[in-house]
Amino acid sequence: MERVLGIDLGTTYSCVAVVENGAPLVIANKGGYRTTPSIVAFTAGGRRLVGHLAKRQAITNPQNTLFAVKRFIGRKWNSELVQQVKERMPYRMMEGPHNDIRVQVQDRQYSIPEISAIVLTEMKRVAEEFFKAPISKAVITCPAYFNDGQRTATKDAGRIAGLDVLRIINEPTAAALAYGFGKKIEKRVAVYDLGGGTFDISILEIGNGVYEVIATAGDTFLGGEDFDQRITDWMVFNFAKEHNLDPRTDPMALQRLKDAAEKAKCELSFQNEVEINLPFLFSTGKNRTLHFQKMLDRKKLEELTIDLVERTIDICDRTIKDAGLTPKDISDVILVGGQSRMPKVQELVQKYFGREPCKNVHPDEVVALGAAIQGFALVSEGPGKKEETLLLDVTPHSLGIMIVGGYFQTLIQKNTTVPTSASHMFTTVKDGQTSARIMVFQGESKVASENELLGEFILSGLREAPRGEVEIEIRFDISADGIVSVSAKDIETGRQQSIVVTATSGLTEDEVQRMAEDNRDYLLSAAQDEEFEKQRVQVEKIIEEIEKLLPGVGEVISASRFSREALNKAEATIQRARLAIKRRELNSLSDSREGLERTLTTFKSLAARKG
Amino acid sequence: MTTEETNTSGSDEGPEARIVPQRTGSIDPSAVQLSPEEAFLLFKVDGVSTMQLLIQTSGFPLERGRALFDSLRDKGLVGWESGGRRHTAEELKPTAPSPDQVAEATSAEPAPPDKQPWLNMAFDDTLLEEKADLDEATRRKILYLHQKMNELTHYQLLEVERHADQRNIKRAYFEISRQYHPDTYFRKELGSFKTRVEDIFKRVTRAYEVLSNPEQRKAYDATLPYEPTPEELEAARKLKAIQERDERMREERRQRLLRRMPLSQRKAQAREHFASAQDYLKRNDPVRAMNEIQLSLSLDPGQAEYEKLAEEVKPKAGKIRAEKDLKRARSEESMGRSEDALRTYLRVLEFLPDEPHALAKAAELLLAAKRDLRTAVNYCRRAQALDPDNAELMRILAELYLELGMNKNALREYARYAEHKPADEEVQARLKELRRTRG
Ligand SMILES: Nc1ncnc2c1ncn2[C@@H]1O[C@H](COP(=O)(O)OP(=O)(O)OP(=O)(O)O)[C@@H](O)[C@H]1O
Ligand SMILES: [Mg+2]
């Protein structure tokens, strides 16, 4: 059966898994790491660095190092959140053509999906290197609480990376799939996923391989990064108190503070206090360099971040109540996400659910494993398919339209199992009205504009009639993929009209295609560069050897005129090779390498004659 | 004692050790001539104790006790089965919530349904041959379900029992999902079947949503013809057994009388009873008259004259008895015997269907027993028609609705009640809660 990648595209770390011989398996990268930082950097020469390489150079290259872009994927430039956060990022962000977000790196702008695509390309490569075979199909995960725009953008990222994205599934759901894989269980479980950028809670009913999501909620802007931010703020405050200076004005200092904050936070999960020591942090420009050094203990960390943890518990509580349940109705709690390693998080989760969370899953890997399991189940065939995992997922947000007065009318409630559909009867409100504009939103607010505008369309060609006489039925469908589609039917004539909801932000189809092409081009040229480098090293080595032999060979053949020519020819070949290197021409470099190799052999035998 | 009963005794013990006398419902004891001894014994009969025990605890010598029981039996007040099967108290107090509904639902056994009707149905050939990655049986099943899905009940669709519990409903839904969730046919060529499969899945999901939500399920059930729960079926079965046993006992008694007396003597005795019935009628005592007629009829069944009079007297006697019953029910209630009181009130309503107190009380007691709630609603409404401003009735009705999951109606009744009784804080609180959950 064809392999399908399961990719957990995380805010801070990504992970890839594949089901092989019936068992899901995490694939380590070349460095032996099972997760790869979701960080992309561009070198001065325009080369891309991904993962650990990118992370290592972040401090010295902060403007060209892109991290945590998942926090911006599928978001609108003018959203309050983005406006608030963009200032804190060491890289340059700007408005894109669709009110979307772009990042500026050197002389080029990238969309967010393009950056995510670079990470996905890397994950694909990790798997392909492991299996020594190309793999193009993938299931990618996203936070459960992502809206349609964020999901589409994630899918676009996959397509830009050259992946055939079978499905986007929710991270906590994926975690549950991995938790229940191969077990004959009937249980109601909660998945608490506190990662680097997002928090999700999902309640699922598991019954012999069928996974029914009964409720899901979360906050797409609440995660480990916010914990880091609190520590960074605390350090900045202390630094400012002492020196009356804001260290954040220097991008490199800011990056060091950020790194130190995360490191301290992680260490405080296992010990009671840590020393944060950042020598030569900030230069005053007056020949003075300032240091930062301070102790941070667990109690202080908890004090700085307790409201974040409590917010997650509040969301759990609301979700459980919405589902008509109590914490007692949950028979297992699965902790996912690196930030859930924080003792305070575990303590409050345990207190709320009244039970110790399940310890059998690996918080960094379950999501990718689950994605691989889902991918495997989708493509599996034949009678075995009946035994495979089946996921009954829900739509995390309510879907509806704007009605008179700017109110939001819900047509499909959140937590409805997909696929699902709903119809809405629309009548004209003015005499002689021949068209109507329908705006589709996603969210829970009663005021339409407070929700996420998914798209809009114009219903045209209506019969001219007194108001209220023309009746149009608008039908909304959400597919198993979570993709929304709309169709309209004139009740009177039965005429059907299918409508494309044009995304109001995000990329157009053309852009996605072009970006995918750019990505392919880059990969091709990167592969060529790599090949060129390899050849260059070899050629230079041969030239070096030939030049070493030259004087001796000259002596041996000085008598013959004919040989003199051979010597000249060899020199010309060297010239050509040098030119090819200078011009970075791979083809003529390989040509001249063959000539050089022949020359070297001849020279070697001549030199031997002399000796 | 009859010979057949003595014959059944195989041990040293007399048959009274196994006989459990039962009180019969057809004759009103207060209107029968009883000796104090007979009355004493009669009121000890609880349907559980053996005759031996009853006699022992009454202090009568065994022989005397037996004679008294025989006499009571002749007067039609008690009976027993010849085998002397012992009944448990539970069996004798069946909590069958709606005997008529249950009977109706159980009477007509449906023919076992065809398990795979789609295999023999005619479908459009172009659909069966359309290009799609599906075998014919699957196509047929999809076409069948798609065609039928809006006629089938949620239960039929999920293929679960009407009273299936949550766990089984969930299992059934998961099982069906495996067949109709679009992922089962991921990236398969399905042609026109694609939307059908999706429609079926959506329909099944809808059914599951309703049945897995207790409130929605209750409301949905109310739209379906009544179907008894397994417990109700069991209770109905027991009730039927008891009724059959009563019938058998009556028949036995009749046979015994017939055997004991020659025909002429029986007819003469029947006539005597008939004469005294007419006598009682003249003295304006239809209850006693009715008892006498019934004795006449058991001695000389089918006599047209007797039957005619019985028809005439029955309603009058019933009404008078109902009035007495009303008092009795009150006293039963005051003694905390609410089961008995409920039964008595229901008997009252048989003859006095518009008795307001009985209507209200029956509704209230049914509510407390949480059974026959729809009948209770009916009683309550009838009582309200007679006494529209009775706040208590509003409260009972509201609670009945709440119990039935009809929150909107409950809200309305509570609101009316609260208008009458604004000081009732508990109801005010409940009202608030109801309004809140209705959003
Ligand atoms: N021992 C630890 N104690 C506290 N936090 C930790 C620990 N280890 C990792 N983290 C934090 O967990 C976060 C990363 O978790 P994870 O890899 O699950 O997130 P992600 O998948 O990248 O993000 P998301 O799922 O939100 O997109 C980081 O913020 C990291 O600092
Ligand atoms: Mg994650």
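The values are calculated or read from the model by the stated rules, or taken from the named source; none is laboratory data. What you are looking at is a predicted structure, and each value in this text was computed from that prediction instead of being measured. A quick note on method: Cβ atoms are made from the backbone with ideal geometry, for glycine too, and the neighbour counts reach across all protein chains shown.
Scanning segment B:4-52 for residues that are modelled with pLDDT of 80 or more and of a type in the set (S, T, Y) yields B:S35, B:S49, B:T50.
Here is a yes/no grid of residues against (1) closer than 22 Å to A:K187 by Cα; (2) surrounded by fewer than 20 Cβ atoms within 10 Å (Cβ to Cβ); (3) aliphatic (A, V, I, L, M); (4) away from every other protein chain (no Cβ under 14 Å):
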| position | (1), (2), (3), (4) |
| --- | --- |
| A:R318 | yes, yes, no, yes |
| A:T326 | yes, yes, no, yes |
| A:L348 | no, yes, yes, yes |
| A:K359 | yes, yes, no, yes |
| A:I373 | yes, no, yes, no |
| A:L391 | yes, no, yes, no |
| A:K414 | no, yes, no, no |
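Of the residues making up segment A:535-575, those that are buried (at least 17 other Cβ atoms within 10 Å of the Cβ) and farther than 20 Å from A:A608 by Cα are A:Q535, A:R536, A:V539, A:T573, A:I574. Of the listed requirements (1) of a type in the set (G, A, S); (2) within 12 Å of chain B (Cβ to nearest Cβ); (3) part of a strand (DSSP E or B), A:S498 misses just one: (2).
More than 24 Å from A:D481 (Cα to Cα), in a loop (DSSP other than H, G, I, E, B) and away from chain A (no Cβ under 13 Å) - does that describe any residue in segment B:201-223? Among the residues of segment B:201-223, at least one is more than 24 Å from A:D481 (Cα to Cα), in a loop (DSSP other than H, G, I, E, B) and away from chain A (no Cβ under 13 Å), which makes the answer yes. Checking each residue in segment A:363-398 for being within 13 Å of ligand 2 (Cβ to nearest atom) and in contact (Cβ under 8 Å) with a residue 60 or more places away in the chain picks out A:D364, A:E365, A:V366, A:V367, A:A368, A:L369, A:G370, A:A371.
Is it fair to say A:R230 is in a strand (DSSP E or B), more than 10 Å from ligand 1 (Cβ to nearest atom) and of a type in the set (D, E, K, R)? Against the criterion (in a strand (DSSP E or B), more than 10 Å from ligand 1 (Cβ to nearest atom) and of a type in the set (D, E, K, R)), A:R230 does not qualify. Answer yes or no: is there a residue in segment B:140-159 that is more than 41 Å from the chain's Cα centre (by Cα) and not β-branched (V, I, T). Yes, segment B:140-159 contains at least one residue that is more than 41 Å from the chain's Cα centre (by Cα) and not β-branched (V, I, T). Taken over segment A:260-305, the criterion of being among the small types (G, A, S) and in a helix (DSSP H, G or I) is satisfied by A:A260, A:A261, A:A264. Would you confirm whether or not segment B:141-160 contains a residue that is in a helix (DSSP H, G or I), in contact with a Ser or Thr (Cβ under 7 Å, 6 or more places away or on another chain) and polar (S, T, N, Q)? No; the residues of segment B:141-160 include none that is in a helix (DSSP H, G or I), in contact with a Ser or Thr (Cβ under 7 Å, 6 or more places away or on another chain) and polar (S, T, N, Q). Checking each residue in segment A:4-41 for being more than 17 Å from the chain's Cα centre (by Cα), more than 16 Å from ligand 1 (Cβ to nearest atom) and within 22 Å of A:L66 (Cβ to Cβ) picks out A:K30, A:G31. Taking the conditions (1) within 16 Å of ligand 2 (Cβ to nearest atom); (2) assigned to a helix (DSSP H, G or I) in turn, A:I59 satisfies each one other than (1). Selection of segment B:17-71 for residues being charged (D, E, K, R) and within 25 Å of the chain's Cα centre (by Cα) yields B:R23, B:D28, B:D46. Has segment A:178-185 got at least one residue that is in contact (Cβ under 8 Å) with a residue 24 or more places away in the chain and within 13 Å of ligand 2 (Cβ to nearest atom)? Yes, because at least one residue in segment A:178-185 is in contact (Cβ under 8 Å) with a residue 24 or more places away in the chain and within 13 Å of ligand 2 (Cβ to nearest atom). From the list B:L258, B:L239, the one residue that fits, being in a helix (DSSP H, G or I) and surrounded by 16 or more Cβ atoms within 10 Å (Cβ to Cβ), is B:L239. Of the numbered criteria (1) within 16 Å of ligand 2 (Cβ to nearest atom); (2) within 28 Å of A:D259 (Cβ to Cβ), the one A:N170 fails is (2). Apart from one condition, A:A54 fits all of (1) more than 16 Å from ligand 1 (Cβ to nearest atom); (2) under 30 Å from A:D246 (Cβ atoms); (3) not in a loop (DSSP other than H, G, I, E, B); the exception is (1).
Within segment A:94-101, is even one residue free of Cβ contacts under 8 Å to residues at least 60 places away in the same chain, among the hydrophobic types (A, V, I, L, M, F, W, C) and surrounded by fewer than 22 Cβ atoms within 10 Å (Cβ to Cβ)? Yes: segment A:94-101 contains one or more residues that are free of Cβ contacts under 8 Å to residues at least 60 places away in the same chain, among the hydrophobic types (A, V, I, L, M, F, W, C) and surrounded by fewer than 22 Cβ atoms within 10 Å (Cβ to Cβ).
Annotation: B:E231 fulfils all but one of (1) within 14 Å of chain A (Cβ to nearest Cβ); (2) closer than 29 Å to B:A410 by Cβ; the unmet one is (1).
The set of residues in segment A:168-188 that are surrounded by fewer than 22 Cβ atoms within 10 Å (Cβ to Cβ) and either within 14 Å of chain B (Cβ to nearest Cβ) or within 30 Å of A:D518 (Cβ to Cβ) (or both) comprises A:K184, A:I185, A:E186, A:K187, A:R188.
Here segment A:189-219 is the region considered, the condition is being β-branched (V, I, T) and surrounded by fewer than 24 Cβ atoms within 10 Å (Cβ to Cβ), and the residue that is farthest from ligand 2 (Cβ to nearest atom) is A:V210.
Every residue in segment A:196-212 that is within 16 Å of the chain's Cα centre (by Cα) and either away from ligand 1 (no atom under 16 Å from the Cβ) or over 13 Å from A:Y145 (Cα atoms) (or both), please. Reasoning before the result, please.
Residues of segment A:196-212 that are within 16 Å of the chain's Cα centre (by Cα), as a first pass: A:196-199.
Once the filter is applied, which keeps residues that are within 16 Å of the chain's Cα centre (by Cα) and either away from ligand 1 (no atom under 16 Å from the Cβ) or over 13 Å from A:Y145 (Cα atoms) (or both), segment A:196-212 yields only A:G196.
Given the options A:E242, A:E267, name the one that is within 12 Å of ligand 1 (Cβ to nearest atom) and more than 30 Å from A:K414 (Cβ to Cβ).
The match here is A:E267.
Select from segment A:126-151 the residues that are among the β-branched types (V, I, T) and closer than 30 Å to A:F199 by Cα and write down the one among them that is nearest to ligand 1 (Cβ to nearest atom). My answer is A:T141. Restricting attention to segment B:174-184, does a residue exist that is surrounded by 17 or more Cβ atoms within 10 Å (Cβ to Cβ), touching a Leu at 6+ places or on another chain (Cβ under 6 Å), among the basic types (K, R) and within 12 Å of another protein chain (Cβ to nearest Cβ)? Looking through segment B:174-184, at least one residue is surrounded by 17 or more Cβ atoms within 10 Å (Cβ to Cβ), touching a Leu at 6+ places or on another chain (Cβ under 6 Å), among the basic types (K, R) and within 12 Å of another protein chain (Cβ to nearest Cβ).
Considering segment A:71-115 alone, what residues qualify as being β-branched (V, I, T) and over 27 Å from A:D233 (Cα atoms)? Write out each step before concluding.
Within segment A:71-115, the subset β-branched (V, I, T) is A:73, A:82, A:85, A:101, A:103, A:105, A:112, A:115.
A:I115 - this is the single residue of segment A:71-115 that is β-branched (V, I, T) and over 27 Å from A:D233 (Cα atoms).
On the stretch given as segment A:344-356, residues that are within 14 Å of ligand 1 (Cβ to nearest atom) and more than 15 Å from A:E310 (Cβ to Cβ) total 0.
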